[in-house]
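K.L.:
Dropping a structure here in structure tokens format, bear with me for questions.
The values are calculated or read from the model by the stated rules, or taken from the named source; none is laboratory data. Just so we're clear, the structure is a prediction, and the values are computed from it rather than from any experiment. Cβ sites come from the backbone with ideal geometry, for glycine too, and all protein chains shown count toward neighbours.
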Amino acid sequence: MAQYSRVSGSVGLITLQNPPVNALSAAVRQGIVDTVKRALGDPEVKAVVIRGQNGVFCGGADIKEFGTNMSGPHLVPMIHAIEAANKPVVAAIEGIALGGGLELALGCHYRVAHSKARLGLPEVTLGLLPAAGGTQRLPRLIGVPAALDLITKGRHITAAEALQLGVVDQVTGHGTVDAAVKFALSVAGKPLDARRISTYPCPRTSDLDALFEGVMQKVRQSARGAIAPIACVQAVRAAATLPYLQGMEREKELMATLFTSGQARALQYSFFAQRAVGRWSTPSGARWDTSKPRPVHIAAVIGLGTMGRGIAVALAQAGLSVIAVETQEKQLMEAKQAVSGMLERGAKRRGVAPALDKVSYSHDIKAVADADLVIEAVFEDMALKRTVFRQLSAVCKPGTVLCTNTSGLDVEHLASQTRNPQLVVGMHFFAPAHVMKLLEVVYGPQSSPQAVATAMQLGKKMGKVSVAVGNCRGFVGNRMLKPYLEQAFFLLEEGATPELVDRALEEFGFPMGVFKMSDLSGLDVGWRVRKADGLAEPVGASGQPARIRQGQRYSPLGDLLCEQGRFGQKTGRGWYQYDKSGGQVASSDPWLHSFLEGYRAMHGLVARRIDLQEVLERCLYALINEGFRILEDGIVAGPEDIDIIYVFGYGWPRHRGGPMFYASMVGLERVLERLEHHHKAHPDVPHLQPCSLLRRLVSSGSPPVHRWREVLKKLNSQL
Ligand SMILES: CC/C=C\CC(=O)SCCNC(=O)CCNC(=O)[C@H](O)C(C)(C)COP(=O)(O)OP(=O)(O)OC[C@H]1O[C@@H](n2cnc3c(N)ncnc32)[C@H](O)[C@@H]1OP(=O)(O)O
């Protein structure tokens, strides 16, 4: 809807009304068309101001309408009508002007923004392009290079940057609507021809071909298979090379291919999934809207290794007072220096003062006595963590929430070491903890709703995308990673090379294949875990066949490389070779290939031809199958939780939505059929055996992913 009123005698004021972000739904578009017509037809009105209700200009097209039968007036003619008006129209931008919201403002003759407003054309993040003239008007207004930067990245800019670029005409720190009305009165009656952006020639840029070639190359590289950024470049190129109307035709054509694409569906799913994970719930009935978090002013971090340092930085940057504890004096001093450096660099990047005084350091665990919440981040060793939890339980004030940063250890067991197990939760950060967006908040059967709510709220404050998950080995992300890695090893045994496996995964859209990733994070990390689990052991040590452990097929390839001291980048050798220890450019290693040949010969394995499709099916469907088991076990509330964890923490390409969304796009029947096929070929690999939830979803007609929660509830109630 849009409301119309007359202010200051001769200014028509149009107010967009569609909370919370005044998205341009059919009703809002109709409202704008009607009110603009009314204002232009009113002889008393000399100028028009468009604003949004509740201090928010407009969040763009209504994303919920995409994929439905869209009705109502179209944006393009609506914006043209505004631009063609014979009375000045001023956009009063408070809060946000994003996507179609900014395109609407670009159709106005003038733009006045509040200093705290943010503007942008983020359509590319939804798999689209700004198709209400944004790709044609913005380059005409601010030039091709700046427009390319904003449109291909979907970056939000501040009002100050918008003023500097020429996107807005005035910035105010006070009443934006009053300033816009004043502005409108000051320009009423003046000629408008020079204010219609569509009539501008695109500012000249030298060597346009070279510019677009360079940008296209960069965009292709960073897009990792996403099509929208490429279409954005093509649309801006049309603005730079074609007359406006032809450019608009090109924009429309490009949008038509994007609008119905699977990638746009995936990215829009991801947008809503990110918001859905904030509405968390647990099987015990705790919920985001009924569980009250405890206030956290003082937080403590125990253990200042790489993870602890990152967590301390993230907490301080979020404005909390932080007590950082490391028992060894020398390590404490090193950590202090490192944390201060990270805070200083972060502050410089963000143009703020470093929060150095927010962090105090101690080598005594008793220093955390007054903390509202403690995050233990010591070495991943259960015995050590147990000791720390017993100490924390003794020294902390009553009510302190105790969190463990672990990538998969039993949170419930740690809780049992304390006097108040209900106050214990896991907070699984991802390295580097002050950079990575993902946080798994792990609740045990005894964790109170308040403890979960406190950790979830703290995650939000730290700028994380927090996902509440149940307590199981590896939680969600690492539990699903296990079958994925296992398949990659098995594929090497069967004839693949690290290069082939990585190529398949990188072409799929992962930033790095599994073997390059293993070289980066260090092969010794997994080796230590496998040793602790009694899996990695010298050949013949337990009298078991080399490729069987605990009754199941096992590949000792990773262990054998570690025994050779090949830990990846840090030692200059791993699945690939590097020019030096710590080198980052992987190249194929002939030693590794002959090692694989020798290994196969020793175990009587005959290498066969493996194609990229098999790599994808074996690795990804095994991972997805585990995702279904996680859903079946009630470790997460819905598929969105898994998808967000994989997109934000594990490099799953966002334009593919996440593993569970991807499975629904491929078709559950197809995933089931291929898992059955691979399990038949490898009956000794339980992870390839389709899980019963997948079978049950297929028998229920393979519902789309947004209906799985509902189907899960029904299936569970039938058990
Ligand atoms: C011809 C095509 C022309 C144009 C195409 C477009 O305009 S595409 C849309 C472009 N706009 C965007 O991409 C903006 C998307 N929204 C956001 O980035 C954020 O929501 C925003 C506006 C910065 C606000 O962030 P905040 O953290 O304050 O709130 P939150 O994200 O939780 O959003 C609140 C609720 O609003 C819903 N919502 C937001 N934007 C839209 C939208 N454009 N359409 C529909 N709904 C939108 C969001 O889902 C939240 O809903 P809830 O039910 O509370 O989860």
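K.L.:
Can you find even one residue in the range 102-110 that is within 16 Å of the ligand (Cβ to nearest atom), under 23 Å from ALA228 (Cβ atoms) and assigned to a loop (DSSP other than H, G, I, E, B)?
P.N.:
no
K.L.:
Which condition number does LEU128 fail, the rest of (1) within 16 Å of the ligand (Cβ to nearest atom); (2) in contact with an Asp or Glu (Cβ under 9 Å, 6 or more places away or on another chain); (3) not basic (Lys, Arg) being met?
P.N.:
Against the list (1) within 16 Å of the ligand (Cβ to nearest atom); (2) in contact with an Asp or Glu (Cβ under 9 Å, 6 or more places away or on another chain); (3) not basic (Lys, Arg), LEU128 comes up short only on (2).
Quick grid of which residues meet (1) among the small types (Gly, Ala, Ser); (2) assigned by TED's automatic domain parsing to the domain that holds LEU121; (3) more than 16 Å from the ligand (Cβ to nearest atom); (4) not in a loop (DSSP other than H, G, I, E, B):
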position	(1), (2), (3), (4)
PRO145	no, yes, yes, yes
ILE151	no, yes, no, yes
ILE157	no, yes, no, yes
GLN164	no, yes, yes, yes
VAL171	no, yes, yes, yes
HIS174	no, yes, yes, no
ASP178	no, yes, yes, yes
VAL181	no, yes, yes, yes
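K.L.:
Going by the conditions given, is ASP579 under 19 Å from GLN487 (Cα atoms) and without any contact (Cβ under 8 Å) to a residue 60 or more places away in the chain?
P.N.:
Numbers: under 19 Å from GLN487 (Cα atoms): no; without any contact (Cβ under 8 Å) to a residue 60 or more places away in the chain: yes.
Against the criterion (under 19 Å from GLN487 (Cα atoms) and without any contact (Cβ under 8 Å) to a residue 60 or more places away in the chain), ASP579 does not qualify.
K.L.:
A follow-up question, please. As an exercise: evaluate GLU44 against (1) closer than 26 Å to GLY189 by Cβ; (2) touching a residue at least 60 places away in the same chain (Cβ under 8 Å); (3) surrounded by fewer than 23 Cβ atoms within 10 Å (Cβ to Cβ) and give the number of the one condition it does not meet.
P.N.:
If we test GLU44 against (1) closer than 26 Å to GLY189 by Cβ; (2) touching a residue at least 60 places away in the same chain (Cβ under 8 Å); (3) surrounded by fewer than 23 Cβ atoms within 10 Å (Cβ to Cβ), just (2) comes out false.
Rundown of residues vs (1) more than 16 Å from the ligand (Cβ to nearest atom); (2) more than 30 Å from TYR662 (Cβ to Cβ); (3) of a type in the set (D, E, K, R); (4) part of a helix (DSSP H, G or I), yes/no style:
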residue: PRO203; (1), (2), (3), (4): yes, yes, no, no
residue: ASP209; (1), (2), (3), (4): yes, yes, yes, yes
residue: GLU213; (1), (2), (3), (4): yes, yes, yes, yes
residue: GLN246; (1), (2), (3), (4): yes, yes, no, yes
residue: THR257; (1), (2), (3), (4): no, no, no, yes
residue: ALA264; (1), (2), (3), (4): no, no, no, yes
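K.L.:
With respect to VAL352, determine if the residue is among the β-branched types (Val, Ile, Thr) and surrounded by 13 or more Cβ atoms within 10 Å (Cβ to Cβ).
P.N.:
no
K.L.:
Based on this model, can you work out whether ALA81 counts as closer than 15 Å to ALA132 by Cβ, buried (at least 18 other Cβ atoms within 10 Å of the Cβ), within 16 Å of the ligand (Cβ to nearest atom) and in contact (Cβ under 8 Å) with a residue 24 or more places away in the chain?
P.N.:
Values: closer than 15 Å to ALA132 by Cβ: yes; buried (at least 18 other Cβ atoms within 10 Å of the Cβ): no; within 16 Å of the ligand (Cβ to nearest atom): yes; in contact (Cβ under 8 Å) with a residue 24 or more places away in the chain: yes.
Taking the combined requirement at face value, the residue does not satisfy it.
K.L.:
One residue is enough: does the range 343-353 have a residue meeting the conditions among the β-branched types (Val, Ile, Thr) and within 22 Å of ALA369 (Cβ to Cβ)? Please lay out each step first, then the result.
P.N.:
Going residue by residue through the range 343-353, those that are among the β-branched types (Val, Ile, Thr) are 352.
Narrowing the set further to residues that are within 22 Å of ALA369 (Cβ to Cβ) leaves none.
No, there is no match, as no residue in the range 343-353 is among the β-branched types (Val, Ile, Thr) and within 22 Å of ALA369 (Cβ to Cβ).
K.L.:
Is it true that some residue in the range 18-25 is outside any loop (DSSP other than H, G, I, E, B) and within 15 Å of the ligand (Cβ to nearest atom)? Quick ask: steps written out before the conclusion?
P.N.:
Residues of the range 18-25 outside any loop (DSSP other than H, G, I, E, B): 24.
From what is left, the residues that are within 15 Å of the ligand (Cβ to nearest atom) are 24.
Yes: one or more hits.
K.L.:
Determine whether LYS218 is among the basic types (Lys, Arg), closer than 30 Å to GLY657 by Cα, out of contact with any Asp or Glu (no Cβ under 6 Å at 6 or more places or on another chain) and more than 16 Å from the ligand (Cβ to nearest atom). Before the answer, list the steps.
P.N.:
Numbers: among the basic types (Lys, Arg): yes; closer than 30 Å to GLY657 by Cα: yes; out of contact with any Asp or Glu (no Cβ under 6 Å at 6 or more places or on another chain): yes; more than 16 Å from the ligand (Cβ to nearest atom): yes.
The answer is yes for LYS218.
K.L.:
Could you give me the residue pairs with C-beta distances under 9 Å whose first residue belongs to the range 16-28 and is modelled with pLDDT of 95 or more, whose second residue is away from the ligand (no atom under 11 Å from the Cβ) and basic (Lys, Arg) wherever it lies, and which are 6+ apart or on separate chains?
P.N.:
As it stands, the answer is LEU16/ARG51, since those pairs meet every condition given.
K.L.:
Another question, then. All but one of (1) of a type outside the set (Gly, Ala, Ser); (2) part of a loop (DSSP other than H, G, I, E, B); (3) within 21 Å of ASP193 (Cβ to Cβ); (4) within 14 Å of the ligand (Cβ to nearest atom) hold for MET70; state the number of the condition that does not hold.
P.N.:
Going through the list (1) of a type outside the set (Gly, Ala, Ser); (2) part of a loop (DSSP other than H, G, I, E, B); (3) within 21 Å of ASP193 (Cβ to Cβ); (4) within 14 Å of the ligand (Cβ to nearest atom), MET70 breaks only (3).
K.L.:
Here's something else I'd like to know. Give LEU492, LEU505, LEU520 a once-over and let me know the one that is surrounded by fewer than 19 Cβ atoms within 10 Å (Cβ to Cβ) and of a type in the set (A, V, I, L, M). I'd like the intermediate steps shown before the answer.
P.N.:
Details: LEU492 fails: surrounded by fewer than 19 Cβ atoms within 10 Å (Cβ to Cβ); LEU505 fails: surrounded by fewer than 19 Cβ atoms within 10 Å (Cβ to Cβ).
Checking each option against the conditions leaves just LEU520.
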